[in-house]
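Peer 1: Here it is, the structure in full.
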Amino acid sequence: MAGSGQERARHWQYAELPGVDLLRASYVEKKFVRHTHENFVIAAIADGVEVFHHGGADQYAGPGALALVNPDTPHTGRAGVPEGWRYGAVYPSPELVAEIATETTTIRGTPGFTSPVLDDPYAAHLVHQVLRAAEEGNALAADTLLRVAVTRLLRLNGGPLPQRAVHTAGARVAARARAVLEERMAEPPTLERLAADLGTSPFALLRAFRDAYGMPPHTWLTDARVRRARHLLDAGSAPAEAAVAVGFTDQPHLNRHFNRIVGVPPGAYQRERKNVQDGAGRLLVPSRAWQIRQLSQAYAVKTADVVETADVVESADAVETAESPTPPSSGTPWGSGSPSDCRVSPSE
């Protein structure tokens, strides 16, 4: 993997995994700006090294490790080695993770990950298998493996998330400022005007907002605009319409920020959503390749890892023994080679 020509990504959804975004990506020069996600981030590194700023420090994740980010947690992303990094990621919703935690763990309260990096090749392998199952239309395997993976990660690296309480005057001002920016996203006030309306000074507001949300107001606003644009694109709005609706000057302006936060251009992102909607009514069955692997490996010996997770979902044994129990040393390939895989560029 070398050169900018190797940068490509596919960001999609699988109709049989509602509330879950999926990603395969290979990046060399890509730099994700500080941003957040509504869902959890579970990214399994296949090759190279990813560096992401999280919790006030740079975190490093290499092959066999997972980058784990809780919802609404600011972070960045870039290559940690010249050849970049290749990974697969699943983005389960907070509701799904909470459901799994209630059923399979002893975590009380809102569940989340306690460390942003976990070195666990087996869990990383499960993530790649979820993506492969989704690509091949195996709904039973995709759902089962996702639940097994999330359970394993919560058991190894999970705990209740601290509740963010608004106690200080600065936190209350920051919350009010955020509400104003959400309401006036397309035409936001200046920092000076916003501070004056809230009865504080610009630098006091800046400090309070950064303390509360991990980024200054203008960075938060860009992230929020992209997040809202994603919802508009999901609902069928054209990229140009979504750009203006959320306050970007035009579609190229949206493209630039969308690519730096989501990892793919908005047009490619929307095409994948349309593919999901168009295919939602079709009967999804396991691919021939998947069935062949199941038959050829039906008598594979279970590893200790499979036995450990057997109590999570009864069907997990059958699904996991149908796959290779040993994580590949170099990660997983791009799989189906879908024509939807797109090379990443600033615009379309």
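What follows draws every value from the coordinates through simple rules; no lab data is involved. Just so we're clear, the structure is a prediction, and the values are computed from it rather than from any experiment. Glycine also receives a Cβ, built like all others from the backbone with ideal geometry; neighbour counts cover every protein chain displayed.
Peer 1: Arrange the peptides 132-138, 16-22 so that the one whose residues have, on average, the most other Cβ atoms within 10 Å appears first. Present the calculation step by step, with values, prior to reporting the outcome.
Peer 2: Working: 132-138: 23.6, 16-22: 17.9.
Packing order, densest peptide first, comes out as 132-138, 16-22.
Peer 1: Taking every pair of distinct Cα atoms and averaging 1/r, then inverting, what Kirkwood hydrodynamic radius in Å comes out for the stretch 1-108? Could the numbers behind the result be given before it?
Peer 2: Numbers: mean 1/r = 0.0684 Å⁻¹.
This gives a value of 14.6 Å.
Peer 1: Starting from 0.36 nm per residue, how many nanometres of slack lie between H167 and R271 once their C-alpha separation is accounted for? Display every interim value, and only then the final one.
Peer 2: Details: separation 104, 0.36 × 104 = 37.44 nm, distance 4.37 nm.
Separation in residues times 0.36 nm, less the Cα-Cα distance, equals 33.1 nm.
Peer 1: Could you check the spin-label model distance between A179 and R193? Points 7 Å from the Cα along Cα→Cβ, value in nm.
Peer 2: Rounded to a tenth, the inter-label distance reads 2.0 nm.
Peer 1: What does the charge count near R184 come to, summing +1 for each Lys or Arg and -1 for each Asp or Glu among other residues with Cβ under 14 Å from its Cβ? If you can, show how the numbers build up before the last one.
Peer 2: Values: positive: R176, R178, R193, R225, R228; negative: E182, E183, E187, D197.
Surrounding charge for R184 is +1.
Peer 1: I need the shape label for the stretch 143-272. Rule: rounded when a/c is under 1.5, else prolate if a/b > b/c, else oblate, with a, b, c from the alpha carbon gyration tensor. Can you show the working numbers first?
Peer 2: Values: a/c = 2.80, a/b = 1.13, b/c = 2.47.
Oblate shape, in that a/c is at least 1.5 and b/c is the bigger or equal ratio.
Peer 1: Can I ask one more? For D47, which sequence-distant residues (separation of 5 or more, or a different chain) have an amide H within less than 5 Å of its own amide H, given hydrogens modelled in the peptide plane?
Peer 2: Those qualifying (amide H under 5 Å, at least 5 residues apart or on another chain) are R86.
Peer 1: While we're on this one: Below 8 Å between Cα atoms, with a sequence gap of 6+, how large is the relative contact order for the stretch 140-244 in percent?
Peer 2: Answer for the stretch 140-244 is 22 percent.
Peer 1: Please compute the length gained on full extension between E95 and Q6, using 0.36 nm multiplied by the number of residues separating them and subtracting their Cα-Cα distance.
Peer 2: Values: separation 89, 0.36 × 89 = 32.04 nm, distance 3.51 nm.
Gain on stretching E95 to Q6: 28.5 nm.
Peer 1: Suppose a student asked you for the relative contact order of the stretch 29-185, using Cα pairs under 8 Å spaced at least 6 residues apart; what percent would you report? Don't skip to the answer; put the middle values down first.
Peer 2: On the way: 283 pairs, mean separation 36.6, N = 157.
With pairs under 8 Å counted, the relative contact order is 23 percent.
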